[in-house]
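Heads up, the thing below is written out as structure tokens.
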Amino acid sequence: MAKPADAGQAYEEFVKGIWKENPVFVMVLGMCPMLAVTNSAVNAIAMGLATAFVLIGSSFLVSLLRAYIPKQVRISTYIVIIATFVTVADFILKAAVPEIHKALGAFIALIVVNCLILGRQEAFASRNTVRMAVADAVGMAVGFAFALLCLGATREILGSGSLFGFSLFGPNYEPWVIMILPPGGFIMLGVILLFFNWLEQRRAMRPAVAHEEGSR
């Protein structure tokens, strides 16, 4: 049975990946799939789920086997483990949703070299218990999927006038076609990063403002 302290620490590891250490909005990792496949919300969710499957599965296995993996070949071992889960995810998407699999194309296979996944194995999963590694992986996966969905939904709404394929504004809407093209990905990502940095600055300023008001 897990101790309350362990449960609390696992919860903290989970939550940090969603906001405090969000892999996209804070650490700016995984930019290749972030920009390449987020021209629609459906593609964003599919890539987010595939990445989550790989990240959680590989973190579980790396943490479970961390005592048996020689340091000299640890990176190679991590890549083999990650590639195994990527292959499974690729086959599942191809069998279950072939149209989305075709739309994502080579970017499914490129999950292998996503610095977010390899980085979590080296920095966290290989140094912590299975419980903590899975909590960290789930939090990071949720944070990454959330970022993908934010970008994908916004680009689809502006660029196509729809969300998940359903029209929002009717036939008279003039779509911003640039938003579903590569430049639109860079523009929208910059706007979202600016917004989240503004929110973080506002949050950091609150204690100072409260202290100043209290001292009056």
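Taking 0.36 nm per residue of separation and subtracting the current Cα-Cα distance, fully stretching the chain between residue 178 and residue 198 would add 4.7 nm. The distance linking the stretch 20-96 with the stretch 107-133 is 7 Å (Cα centroid to Cα centroid, whole angstrom). Estimated from helical segments only, the mean residue ellipticity of the chain at 222 nm is -23500 deg cm²/dmol, where each DSSP H run of four or more residues counts as -39500 (n - 2.57). Each residue of the stretch 151-163 was assigned a 3J(HN,Hα) from its phi angle through the Karplus curve 6.51 cos²θ - 1.76 cosθ + 1.60 (θ = phi - 60°); the sequence is 6, x, 5, 5, 5, 5, 4, 6, x, 10, x, 9, 9 Hz, with glycine and proline shown as x.
Gain on full extension, evaluated as 0.36 nm per residue between residue 103 and residue 87 minus their Cα-Cα distance, stands at 4.1 nm. A Förster radius of 45 Å combined with the Cβ-Cβ distance from residue 187 to residue 7 puts the calculated FRET efficiency at roughly 0.60. The protection proxy used here, the mean number of other Cβ atoms lying within 10 Å of each residue, ranks peptides 178-189, 107-118 as follows, highest first: 107-118, 178-189. Under the criterion of Cα pairs below 8 Å and six or more residues apart, the relative contact order for the stretch 75-143 equals 32 percent. Restricting the chymotrypsin sites (Phe, Trp or Tyr not before Pro) of the stretch 48-89 to loop positions (DSSP other than H, G, I, E, B) with no more than 16 neighbouring Cβ atoms within 10 Å leaves 68.
In this calculation the C-beta distance from residue 169 to residue 31 is compared with R0 = 35 Å, giving a FRET efficiency of 0.75.
Values quoted throughout were computed directly from the atomic coordinates according to the rules given, and no laboratory measurement underlies them. Computed from a predicted model, the values in this text were never measured in an experiment. Neighbour counts are summed over all protein chains in view; Cβ atoms, including those assigned to glycine, are modelled from backbone coordinates with ideal geometry.
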